[in-house]
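> Got a structure for you, written out below as structure tokens; questions coming shortly.
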């Protein structure tokens, strides 16, 4: 398996995401997710890349 | 002080008693667009007849925000200074979420411009000033009130119009007919042209109130916009100042509002008190509107040309309706005058291409604003609200708040433009700067102009107007050593360094339609 930017910390990132959602209502989780998406988009810091990631994610529906 | 609406006189037109000789241009509609069109053509010596079904200026303040570029165009038409003197200048906007300010912007923090970013001035004043200005061209502008165009036929090399008046019906012919009738455009409907775009379900209450005491906490008037204010049941609200101590208040009412009931004073007054507090005020005008963003596929249909709202409509957030329409006028005036004087007819087609591009930009911006303001699903609402929450602590989110992307001139991607690299790029509207005790917009608009900047060798070509910008501000804005060819509408046709006469001639020919 080729390594990824998150590498060995991948499990930590996933767990942090789950922890952040723990004990939240659906509405609270939706709000957190929205905030997180916006903040991560800003962290990526490149509009073309962000738009391409959005398109990638959006085409994965069943 | 309430506006006193003057009634314009009906004068029986000559066509009622015998055939009129063919007109060069018939302008249908004497609103801001039709009147500005007639004045623009008159400044170029082109006569027109202006036909309006009404005999008063705009009832209600309607379009109130006039952008810097529009004022610069009005300056060229001879009414800019009067509008600036009467209008309320503002440049600071504040956005609130609930009661808390989340964002503040200054639209024109720099000096060195004749006109501010925006003035607010009621449409009735704009029309009054334009009518008065039009009357300064008695030989070129034939203003006909209570002359309703009821039918027209495009006869390939001219248009025949049927006109109804209180004294009967008559016909006239014109080489071109310009539909400047606003969004309902009877001409567009007669031609059965599709007007396609996005409809919005939301109702907005729009009210003008007169009150002596300013609701702003600062000396200077501002634009205040609230998302989810506690005084208006979680919907959006907008507050603006106009001249004569009139304040514009826009309140979002939701998609299911009972329009008739909401317009009753017993519903309106408490809503206004909730915004301005328990101070004395009087209602001046009220209306409820819905809007859409739509445009004609083409603005040029043979000898019938659509200008302003008859060609394209936008939601009001961003002030892109009236301002976009005046830029249509600016774009069409010199081209139509050139074609009537034997110029390349391709110029008319370039009006279509350039202003369709601009309309799309305006529609894109105003539709995005409307979508941000009126979320259509729970998910959209969640994202909107999280943007507003984040904005308090995270500056990046302030850029995502969309309470109106205010009107700026479109940078034209046009066949008339010769590509080049410059601080004010080819296709862009000229930028103002001080110039020889006056302003660059006063010196450079109206006809093709060579602008040589700072250390540039002053360029000339035949009898083309040539000006030399030496003010430090203009050198900073335009780039030392650059030479610009500006179109009559002030857009940059091209920019170069040390151009040879042949290069200038080629760019000029292209801007006059040679390569389209």
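> Name the one entry in B:254, B:234 that is within 28 Å of residue B:386 (Cα to Cα) and without any contact (Cβ under 8 Å) to a residue 40 or more places away in the chain.
It is B:234.
> Could I ask something else about it? Taking the residues in segment B:390-416 that are away from every other protein chain (no Cβ under 14 Å) and free of Cβ contacts under 8 Å to residues at least 60 places away in the same chain as candidates, determine which candidate is farthest from residue A:41 (Cα to Cα).
Step by step, filter segment B:390-416, then rank; the result is B:413.
> Before we move on, is residue B:490 on the phi > 0 side of the Ramachandran plot and within 22 Å of the chain's Cα centre (by Cα)?
So residue B:490 passes the test.
> Restricting attention to segment A:24-47, which residues are more than 13 Å from residue B:396 (Cα to Cα) and either in contact (Cβ under 8 Å) with a residue 24 or more places away in the chain or at the interface with chain B (Cβ under 7 Å from one of its Cβ atoms) (or both)?
Once the filter is applied, which keeps residues that are more than 13 Å from residue B:396 (Cα to Cα) and either in contact (Cβ under 8 Å) with a residue 24 or more places away in the chain or at the interface with chain B (Cβ under 7 Å from one of its Cβ atoms) (or both), segment A:24-47 yields A:30, A:31, A:34.
> Which condition from (1) under 22 Å from the mean Cα position of the chain (by Cα); (2) touching a residue at least 40 places away in the same chain (Cβ under 8 Å) is the one that residue B:440 breaks?
Residue B:440 satisfies all of (1) under 22 Å from the mean Cα position of the chain (by Cα); (2) touching a residue at least 40 places away in the same chain (Cβ under 8 Å) except (2).
> Search segment B:198-228 for residues being in a strand (DSSP E or B) and more than 22 Å from residue B:120 (Cβ to Cβ), and hand back the single one that is modelled with the highest pLDDT.
Residue satisfying both the conditions and the ranking: B:203.
> Residues of segment B:193-212 being farther than 25 Å from residue B:359 by Cα and surrounded by 12 or more Cβ atoms within 10 Å (Cβ to Cβ), which ones?
The answer is B:205, B:207, B:208, B:209, B:210, B:211.
Quick grid of which residues meet (1) free of Cβ contacts under 8 Å to residues at least 24 places away in the same chain; (2) surrounded by fewer than 20 Cβ atoms within 10 Å (Cβ to Cβ):
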position	(1), (2)
B:245	no, yes
B:273	yes, yes
B:290	no, yes
B:293	no, no
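> Still on this structure, I have one more. Six or more apart or on different chains, Cβ atoms under 8 Å: show the pairs whose first residue is in segment B:370-388 and facing chain A (nearest Cβ under 7 Å) and whose second is buried (at least 16 other Cβ atoms within 10 Å of the Cβ) and assigned to a loop (DSSP other than H, G, I, E, B).
B:387/B:400; B:387/B:401
For every residue, the table says whether it meets (1) assigned by TED's automatic domain parsing to the domain that holds residue B:61; (2) surrounded by 20 or more Cβ atoms within 10 Å (Cβ to Cβ).
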residue	(1), (2)
B:76	yes, yes
B:79	yes, yes
B:84	yes, no
B:94	no, no
B:102	no, yes
B:105	no, no
B:108	no, no
B:139	yes, no
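> Follow-up question, since we're still on this one. Just to check your reading of the model, which residue among B:466, B:452 is in a strand (DSSP E or B), over 17 Å from residue B:428 (Cβ atoms) and free of Cβ contacts under 8 Å to residues at least 24 places away in the same chain?
B:466
> Give B:53, B:75 a once-over and let me know the one that is modelled with pLDDT of 95 or more and more than 18 Å from the chain's Cα centre (by Cα).
B:53
> Out of curiosity, is residue B:474 within 21 Å of residue B:499 (Cβ to Cβ), more than 14 Å from every other protein chain (Cβ to nearest Cβ) and touching a residue at least 60 places away in the same chain (Cβ under 8 Å)?
No: the conditions fail for residue B:474.
> Can you name every residue in segment B:332-350 that is surrounded by fewer than 24 Cβ atoms within 10 Å (Cβ to Cβ) and touching a strand residue (DSSP E or B) at 6+ places or on another chain (Cβ under 8 Å)?
Within segment B:332-350, B:340, B:348, B:349 meet the criteria.
> Does any residue of segment B:3-26 turn out to be touching a helix residue (DSSP H, G or I) at 6+ places or on another chain (Cβ under 9 Å), touching a residue at least 40 places away in the same chain (Cβ under 8 Å) and under 21 Å from residue B:323 (Cβ atoms)?
no
> Testing residue B:100 on (1) over 15 Å from the mean Cα position of the chain (by Cα); (2) on the phi > 0 side of the Ramachandran plot, one condition comes back false. Which one is that?
(2)
> Right, here's the next one. Please note which strands (runs of 3 or more DSSP E) are completely contained in segment B:229-313 and include at least 2 residues that are under 30 Å from residue B:23 (Cα atoms).
B:292-296, B:304-306
> Within segment B:23-40, can one find any residue that is over 22 Å from the mean Cα position of the chain (by Cα), modelled with pLDDT of 95 or more and part of a loop (DSSP other than H, G, I, E, B)?
No: segment B:23-40 contains no residue that is over 22 Å from the mean Cα position of the chain (by Cα), modelled with pLDDT of 95 or more and part of a loop (DSSP other than H, G, I, E, B).
> While we're on this one: Looking at residue B:419, is it more than 14 Å from chain A (Cβ to nearest Cβ), free of Cβ contacts under 8 Å to residues at least 60 places away in the same chain, over 30 Å from residue B:236 (Cβ atoms) and part of a loop (DSSP other than H, G, I, E, B)?
The answer is no for residue B:419.
> Can you tell me which residues in segment B:422-449 are surrounded by 20 or more Cβ atoms within 10 Å (Cβ to Cβ) and part of a strand (DSSP E or B)?
B:429, B:435, B:439, B:449, listed by residue number.
The values are calculated or read from the model by the stated rules, or taken from the named source; none is laboratory data. These numbers were taken from a predicted model, which means no experiment stands behind them. Backbone-built Cβ (ideal geometry, glycine too); neighbour counts: all protein chains shown.
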